[in-house]
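The values are calculated or read from the model by the stated rules, or taken from the named source; none is laboratory data. All figures in this text were calculated on a predicted structure; none of them were measured in a lab. Cβ placement follows ideal geometry from the backbone for every residue including glycine, while neighbour counts extend to all protein chains displayed.
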Amino acid sequence: MKMRIHIYLIAAAVVLHAPASFAQATAPSPAPSTSPEPGETANVVEFAIRGTSFGSGSDQARFMRYRDLRDGGTLDLLRFTKSTDAHVYNLQADHLGYRDQRFSASANNFGKLKASFEFNQIPLFFNEDTKTLFTAEAGSSNILRLNDAVQTGLQNKTLPYASVDGLAQPFDLRLKREVADFKATYSASRAIDLNVALKSTGKTGTQPWAGTFGFSDAVELAAPVQTRTTDLGLGVEWAGSRGSARVGYDGSFFRNDVDTLIWDNPLRITDAAVGGPLQGRMSLWPGSNMNTGSVSGLLNLPARSRVTAYISVGNWTQDNPLIPFTVNSALPAISLDRQTSNTQARVTSMNYSFNSRPTSDVSFTARYRSYDFDNRTPIFKLNRTVVYDTTVSAFADGGTSPYSINRKTFDAEVSLTPHRYSAFRAGYTREQIDQNFRSFDTTTEDTLRLSADASGISWLMLRAVYEHAKRTGQGFDQEALDDIGEQVSLRQFDISDRTSDRVSLIAQVTPVSAVSLNGTVTAGKEDRGATVFGLRSNDSRAYSLGFDYVPRPSISLGASYEWERYTSLQASRQANPGPQFNDPTRDWTTNGADKASTFNASMDLIKLLRKTDVKLAYDLSHSEALYVYGLAPVSTLATPVQLPAVVNELQRATVDVRYHFTTHFGAGLVYWYDKYAVNDFASGTQTLTTIASPSFLMFGYLTRPYTANTVSGRFTYYW
């Protein structure tokens, strides 16, 4: 870790101390939270000290989640830019010393060389109240052990299952992602640029994981994570008056230092052919490589027309050692067809486009895209397999099924502007997907788009859009469903036949320069009439309203409200192999209804009071998800117990006051109020009251509410 950070700092120093040959002007620096007036200065440094108090029973980890909001002081913000007519240097930093710190640097000398570097940390705080009976074996974070006395007592039923809750030890469940990103472009001449990009993303920590020996014996585990993805991009670009061309290479390399997970079985202390194994084992994310070469070009044509082309060919490989079929020594060993995965695929992508505007009133665009994933992995032959490390069973397929897919998409659009106050567009898209080892060999979707705009009117903007799409499948293969034990009338949602319609209307009215009103209305309907089992329909409705009021530069107010509703219908059959499999009296359905509403309001008073900026904001999000179960008209199933709605509500109010003592120094105070309310029957405290539930040993990762009051003092210097 220290070595990586040292390398990152050296890279940043190289960027900042680059010679005068650095090129390309940087993008404007993001404004600080209380930025100076335009034109005053580009350099800012801000120190902040923050403290948060929580309501009783608050879930502090959920409040932080992807942020580090611990109490204390920090260099919270730095923006520094130095520029001349020949070059510009830029340095930025945020929240230094915390788990979500970020810093970046760039140096540019116009027309010759440009370079930038960024280091960013992103925490993920799952839970601080989790606890577990498992401990990592010394020197092996991927081997999770239980106390032998606990295993023996649970196996012999001398230790009550519910009593193990008190034996668990607490721990923090968290991840951290570190991203280092370097980019540079060297202009060898006015027409030729050389590009290089290097990005390294590392993940460390633990995350929730599930291990199971069947439905009657499952455990929740804190799986160790120690991965790194390295992305490399190289390119040569040529640009002239008639067009441009590029030749590039892209590579992506994933490595996992913990590629196997082993954990003790809480109900067994010895291996048994019938009772189950003393431990479980599974593979985690395997290392892989991707190498891709690409060629692209652009050509300007007469009549204000342009063509572009992009072709890439990639090779994906993975060759990791395979683990045996079972870790249960009481079961017979099954020989592996090969010792490593030996997976490989050839990926070919193409993208062509033609754009033309022959007259000021007419424009035309056509695109063709192709993506071919050619799976060249040799079939792994097997006649037997092991289920949950407890049972040896036959594998009827006789081997694996290397899935391949080829997607082709054609898209065309024409735009007509008969006069300055209106514009009309019509578009058509055809997507065809060929695949193997799916119930349909080919799916084809045709989409028609129509839109009309009222434009060129200073106080009014209107847009109406209508889309109609129809997807059909060809080459139905019943065996593809038989092989996985499914009903042949099942239709998988991503390839099932469907017809969908969607309409939307967008409006913005500005009756006077200080007032702006906006609104949207959308509705979508999706029907899958050929589906018996699976997703049958999926519909949506939404609208939004908002306004902005800016009577003068020092005063601005705004508010918006958005409402959304999504409904769906799914059908299934509760049946075991045998007579139940074809019994329609065992059919059941799920009606889903999700609603969400969001309200935002804000008011900024900039220098309305002498030397003082005041910003107020309030946000409210509320969502409800309800699932209603239904039965066939004549049913042999028990009447289902309906579940309550899952409710989430998040409120946040902020008051931000800044006083400018001088043009170079300011101080401010910020108050945040955050409240999260939740009612989730699946993972709430009303359901999961212990880590030891029947058939499931958990670690207490719950969904809980929180109330937080945060005060932050800030001191800012501008120069």
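Values for this structure:
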item: Strands (runs of 3 or more DSSP E) within region 639-719 that include 3 or more residues over 30 Å from the mean Cα position of the chain (by Cα) and of a type in the set (Ser, Thr, Tyr); result: 706-718
item: Single residue of region 280-323 satisfying the filter (touching a Pro at 6+ places or on another chain (Cβ under 8 Å) and without any contact (Cβ under 8 Å) to a residue 60 or more places away in the chain) that is surrounded by the most Cβ atoms within 10 Å (Cβ to Cβ); result: Gln318
item: Some residue of region 348-359 being out of contact with any strand residue (DSSP E or B) (no Cβ under 8 Å at 6 or more places or on another chain) and outside any strand (DSSP E or B); result: no
item: Which numbered condition Asp94 fails, given (1) touching a Lys or Arg at 6+ places or on another chain (Cβ under 9 Å); (2) over 28 Å from Leu605 (Cα atoms); result: (2)
item: Failed item in (1) touching a residue at least 60 places away in the same chain (Cβ under 8 Å); (2) closer than 29 Å to Phe213 by Cα; (3) out of contact with any helix residue (DSSP H, G or I) (no Cβ under 9 Å at 6 or more places or on another chain), with Leu688 passing the rest; result: (1)
item: Per-region count, region 488-511, residues farther than 18 Å from Glu467 by Cα and within 27 Å of the chain's Cα centre (by Cα); result: 6
item: Hits in region 533-556 (condition: buried (at least 16 other Cβ atoms within 10 Å of the Cβ) and among the hydrophobic types (A, V, I, L, M, F, W, C)); result: Phe533, Leu535, Ala542
item: Count - residues of region 134-156 that are outside any strand (DSSP E or B) and more than 19 Å from Ile691 (Cβ to Cβ); result: 5
item: Test: residue in region 614-630 that is part of a loop (DSSP other than H, G, I, E, B) and crowded, with 16+ Cβ neighbours inside 10 Å; result: no
item: Neighbours by Cβ (under 8 Å, 6+ apart or cross-chain): first from region 427-455, not assigned by TED's automatic domain parsing to the domain that holds Phe364; second among the aromatic types (Phe, Trp, Tyr) and outside any strand (DSSP E or B); result: Gln435/Tyr403; Asn436/Tyr403; Phe437/Tyr403; Arg438/Tyr403; Ala454/Tyr421; Ser455/Tyr421
item: Complete set of residues in region 604-613 that are outside any strand (DSSP E or B) and modelled with pLDDT of 95 or more; result: none
item: Wholly enclosed strands (runs of 3 or more DSSP E) of region 427-530 bearing at least 2 residues touching a Leu at 6+ places or on another chain (Cβ under 6 Å) and surrounded by 14 or more Cβ atoms within 10 Å (Cβ to Cβ); result: 460-476, 498-512, 515-527
item: Residue, nearest to Val327 (Cα to Cα), within region 356-377, restricted to residues that are more than 32 Å from the chain's Cα centre (by Cα) and in contact (Cβ under 8 Å) with a residue 40 or more places away in the chain; result: Phe364
item: Region 324-348 - residue that is more than 18 Å from Gly399 (Cβ to Cβ) and in contact (Cβ under 8 Å) with a residue 40 or more places away in the chain and, of those, surrounded by the most Cβ atoms within 10 Å (Cβ to Cβ); result: Asn328
item: Failed item, numbered, when Asp372 is tested on (1) buried (at least 16 other Cβ atoms within 10 Å of the Cβ); (2) farther than 23 Å from Gly233 by Cβ; (3) of a type in the set (Asp, Glu); result: (2)
item: Matching residues in region 117-133 - criterion: being closer than 19 Å to Met698 by Cα and either in a strand (DSSP E or B) or among the aromatic types (Phe, Trp, Tyr) (or both); result: Phe125, Phe126, Asn127, Lys131, Thr132
item: Within region 512-541, tally of residues that are aliphatic (A, V, I, L, M) and over 30 Å from Leu490 (Cβ atoms); result: 5
item: Matching residues, region 69-99, being acidic (Asp, Glu), surrounded by fewer than 17 Cβ atoms within 10 Å (Cβ to Cβ) and under 30 Å from Gly51 (Cβ atoms); result: Asp71
item: Test: residue in region 199-217 that is over 30 Å from Tyr701 (Cβ atoms), in the same structural domain as Gly293 (by TED's automatic domain parsing) and assigned to a strand (DSSP E or B); result: yes
item: Criterion violated by Ala222 - all others in (1) buried (at least 19 other Cβ atoms within 10 Å of the Cβ); (2) under 26 Å from Arg306 (Cα atoms) satisfied; result: (2)
item: Test: residue in region 353-361 that is within 21 Å of Ser252 (Cα to Cα) and either modelled with pLDDT under 95 or crowded, with 16+ Cβ neighbours inside 10 Å (or both); result: no
item: Meets criteria (among the basic types (Lys, Arg) and assigned to a strand (DSSP E or B)) for Arg99; result: no
item: Per-region count, region 566-588, residues part of a strand (DSSP E or B) and closer than 10 Å to Ala632 by Cβ; result: 4
item: Those residues of region 551-597 which are modelled with pLDDT of 95 or more and aliphatic (A, V, I, L, M), in sequence order; result: Ile555, Leu557, Ala559, Leu569, Ala571, Ala593, Ala596
item: Residue match in region 452-461 (condition: of a type outside the set (S, T, N, Q) and under 26 Å from Arg536 (Cα atoms)); result: no
